[in-house]
Amino acid sequence: MSDALLIVAFLIGYLLGSIPFGLVLTKLAGTEDLRSIGSGNIGATNVLRTGRKGLAAATLIGDALKGTVAVVIAGYLGGANAAMLAALGAFLGHLFPVWLKFQGGKGVATYIGVLIGLFWPAAVIFCLIWLATALTSRYSSLSALIAAFVTPLFLWWFGHPALASLFVVLTLLLFWKHSENIKRLQAGTEGRIGAK
């Protein structure tokens with residue numbers, strides 16, 4: 001496979017990943033600028049703070065599917081390596097979108113989306129762990145962190161060392177983007193799901 005095709009796969013991933021669905025959908029719905037409320041984040045959790053559950057769900061789906069679509073397109077054009085590069089591109093695109101001065105989201109939905117495209121059973125495990133942790137702790141951030149921590153281990157255990165290595169990188173980036181949440185969790189000041 002040519003290096004040019006791998007670069008194209010990464011760029012397809014980045015451009016799709018950088019579509020800020022939260023910002024686009026809230027603007028179309030006529031709500032205030034998403035970056036001026038709550039955490040200022042462009043993801044589904046912050047969209048939920050507008051009180052528009054439908055918009056939050058649509059943001060979650062959009063942010064996940066852009067990752068899945070990038071992986072599927074690249075995989076079709078160039079195989080497994082291209083798919084993994086597209087996954088990395090999509091995740092980085094969401095975290096650092098060129099259109100928003102590289103100030104993007106925290107990446108949880110896109111992480112799930114690329115996981116669906118690369119090895120969907122791991123995405124199911126991620127969601128189950130997220131749900132179980134969320135139901136017991138009522139912390140969205142903690143649920144995502146635990147699920148992301150388990151993901152590379154699951155991939156390695158099921159004989160996908162290359163994917164496991166990729167998701168070590170994505171997980172480290174996700175933890176870094178959640179550094180403020182981690183500080184609040186340690187301090188006991190992190191907001192719980194459903195809290196006013």
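Run the numbers on the chain and let me know its relative contact order in percent, using alpha-carbon pairs under 8 Å that are six or more apart. Over the chain, the number comes to 20 percent.
Can you tell me, using C-alpha contacts under 8 Å and at least 6 residues apart, the relative contact order of the stretch 99-196 as a whole percent?
Values: 77 pairs, mean separation 26.1, N = 98.
27 percent.
One entry in (i) -0.30, -0.46, -0.65; (ii) -0.37, -0.57, -0.81; (iii) -0.25, -0.39, -0.56 is log10 I(q)/I(0) by the Debye sum over Cα atoms at q = 0.08, 0.10, 0.12 Å⁻¹ calculated from the shown coordinates; its label is (iii).
If the chain linking V169 and Q103 were pulled fully straight, counting 0.36 nm for each residue of separation and taking away their Cα-Cα distance, it would gain 21.8 nm. Please check: in the Gaussian network model of the chain (C-alpha springs, under 10 Å), which one of I19, I61, I37 has the largest mean-square fluctuation. Judging by the Gaussian network model, the answer is I37.
For the pair K53 and I182 in one chain, pulling the backbone fully straight at 0.36 nm per residue adds 43.9 nm over the alpha carbon distance.
Send over a whole-number figure in Å² for the accessible area per residue of the stretch 59-113, probe 1.4 Å. Write out the running numbers ahead of the final one.
Details: 2130 Å² over 55 residues.
Heavy-atom accessible area per residue stands at 39 Å².
In order along the stretch 12-28, phi translates into HN-Hα couplings of 4, x, 4, 5, 5, x, 7, 5, x, 4, x, 5, 4, 5, 5, 5, 4 Hz, rounded to whole numbers, per the Karplus curve 6.51 cos²θ - 1.76 cosθ + 1.60 with θ = phi - 60° and x for Gly and Pro.
Spatially, the stretch 163-196 and the stretch 111-132 are offset by 16 Å when compared through their Cα centroids. Computed from backbone phi, the HN-Hα couplings of the stretch 146-155 come to 5, 4, 5, 5, 6, 3, x, 5, 4, 5 Hz, rounded to whole numbers (Karplus: 6.51 cos²θ - 1.76 cosθ + 1.60, θ = phi - 60°; Gly and Pro given as x).
Couplings 3J(HN,Hα) for the stretch 94-109, derived from phi with the Karplus relation 6.51 cos²θ - 1.76 cosθ + 1.60 (θ = phi - 60°), are 5, 5, 10, x, 4, 6, 10, 6, 6, 9, x, x, 9, x, 5, 5 Hz, where x marks Gly and Pro. With contributions of -39500 (n - 2.57) from each DSSP H run of at least four residues, the per-residue ellipticity at 222 nm computed over the chain stands at -25000 deg cm²/dmol.
The values are calculated or read from the model by the stated rules, or taken from the named source; none is laboratory data. Quantities reported herein were computed from a predicted structural model and do not represent experimental measurements. Heavy atoms of the whole protein, side chains included, go into the accessibility calculation; ligands, DNA and RNA do not. Shrake-Rupley method; radii C 1.70, N 1.55, O 1.52, S 1.80 Å.
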